[in-house]
Structure formats: C-alpha cells, structure tokens
1. Among (1) in contact with a strand residue (DSSP E or B) (Cβ under 8 Å, 6 or more places away or on another chain); (2) part of a loop (DSSP other than H, G, I, E, B), there is one condition Ser89 misses while meeting the rest; what is its number?
2. Check whether at least one residue in segment 137-149 is closer than 24 Å to Val65 by Cβ and in contact with a Leu (Cβ under 7 Å, 6 or more places away or on another chain), and report yes or no.
3. Which one is most open to solvent (accessible area, probe 1.4 Å) among residues in segment 162-188 that are part of a loop (DSSP other than H, G, I, E, B) and either on the phi > 0 side of the Ramachandran plot or at pLDDT 90 or above (or both)?
4. Which residues, taken from segment 73-120, are small (Gly, Ala, Ser) and open to solvent by less than 10 Å² (accessible area, probe 1.4 Å)?
5. Taking Met99 as meeting all but one of (1) in a loop (DSSP other than H, G, I, E, B); (2) within 16 Å of Cys159 (Cβ to Cβ); (3) of a type in the set (A, V, I, L, M, F, W, C), write down the number of the exception.
6. Is it the case that segment 143-160 has a residue that's under 24 Å from Pro86 (Cβ atoms), modelled with pLDDT of 95 or more, in a loop (DSSP other than H, G, I, E, B) and open to solvent by less than 60 Å² (accessible area, probe 1.4 Å)?
7. Considering each residue of segment 60-72, count those that are of a type outside the set (Asp, Glu) and over 17 Å from Gly138 (Cβ atoms), and give that number.
8. Looking at (1) surrounded by 10 or more Cβ atoms within 10 Å (Cβ to Cβ); (2) modelled with pLDDT of 95 or more, which is the one condition that is false for Ala63?
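The values are calculated or read from the model by the stated rules, or taken from the named source; none is laboratory data. Keep in mind that what you see is a predicted model, and the values were worked out from it rather than measured. Cβ coordinates were reconstructed from backbone atoms using ideal geometry, including for glycine residues, and neighbour counts include every protein chain displayed. The area values use the complete protein model at the heavy-atom level, side chains included, leaving out ligands, DNA and RNA. Shrake-Rupley method; radii C 1.70, N 1.55, O 1.52, S 1.80 Å.
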Amino acid sequence: MLRQQQNKQHRQFASAALLVLATFFATFVLSCAQEDKSAPVPRARRAGTGTATTTAKPQIDPATVVAAIETAKGTIEFEFLAAEAPETSKNFIKNAQVMYYKGEKFNRAEELLIQAGSKLAAGDTLPIENGSQEMSRGVVAMAKEEGASVSYASEFFICRGDTILDSDYTIFGNVISGMDVVDSIVVDDVITNITIRDKGMPAE
C-alpha cells in the first residue's frame, strides 16, 4: 500500500515537472521568435501627403509676357516696356497674378484716356521710371497726383490719344491689340480680370 502511494506521488511530481518544463519551453520559444522578428522599417511618405511646403514662384520677366485686360466688351492686350520701366512692370504683373484688378471698375473714361485701379491706390506708391516713350495713343502708364514725385502702385491709365502731361509719369506698356475696346470703355465698365500670358502663347 505504501509503495502504491509513493508511486502515485512520483507520477504526480513527474507530471507537474513536465508541465513546468513545457511552460518554460513554450515561453522560451515565443521569446526567441519575437526577438528574431525584424523591427518595422519607416515607409517613405507618399508624394502629396504630409505637411505642404511653400515654393516661391519664379519671378516673371516682363519682356517675355503680355498682359490681357478682360472686359465684357472685349480684351485689351499690351506688352511691357521692360527695359524702361522694369520695377513698375513687375509690380503690375504681381498685382494681376493675385487678381487685384478682378472686378475693378474704370473710374475715368475721357476723350484722351481711361483709368482703373483706384480702390488699390491708397498708401502704396512706386518710384517714377522715366523712359523715352512719349505720351501717345495706346500707351499704358501709372497714375499719380499732379506734381507728385511717385506713382500709385496700382492705378493705371491707357491713352486714347496724344495727351499733354508732364514727363513725370511712368509709361510701362503699349497696347498691341484691342484699341477698339479701349475706345468703347465708359465709366463703371468692369475689368473681368487681368491675366498674364507668355508672348509665345496664342491669345485665348
């Protein structure tokens, strides 16, 4: 009887020992498998996702482009006098690119000129750039107060005919098409927009 009890205890002990060993072995194998697993590799960010970066637009050379003043009566196109009025030309292109003139009305329409851009004129000025171009039909120039030594930064006019003005006006463009539109403009006609296109591109 005593031997049977001892055998039974031995079997229970062996079973318990086997269970402990099996548990230890399983834990060891699992641990090794986790260590062998490769660490996650960072994935490259897809184009177009993540934080946007701002890239400065390349500056447009006024000598290579044409400005198109769009109205309900048609389009007036002019080229820039880039060599004679470079800073004024660049400023006008900048204003057009941010659509400053979109929806602006012509505030003057007289026998000799039409003018627009007054809502943007307050405060901002440009130095006057004197060139060899005379004030004549089709020239585009910046407006200013009479006798002032600076131009408005946004208000411009287009000559319908030869005008008698002092020489201290910046003439920065010449109309190349749409003089019939210039002649038809009246006060409160709206500039739909002013766009800048490459000289090599056909007019839309």
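1. Going through the list (1) in contact with a strand residue (DSSP E or B) (Cβ under 8 Å, 6 or more places away or on another chain); (2) part of a loop (DSSP other than H, G, I, E, B), Ser89 breaks only (2).
2. The answer is yes; a qualifying residue exists.
3. Selected residue: Asp188.
4. Correct list: Ala85, Ser89, Ala96, Ala116, Gly117.
5. (2)
6. no
7. 6
8. (2)
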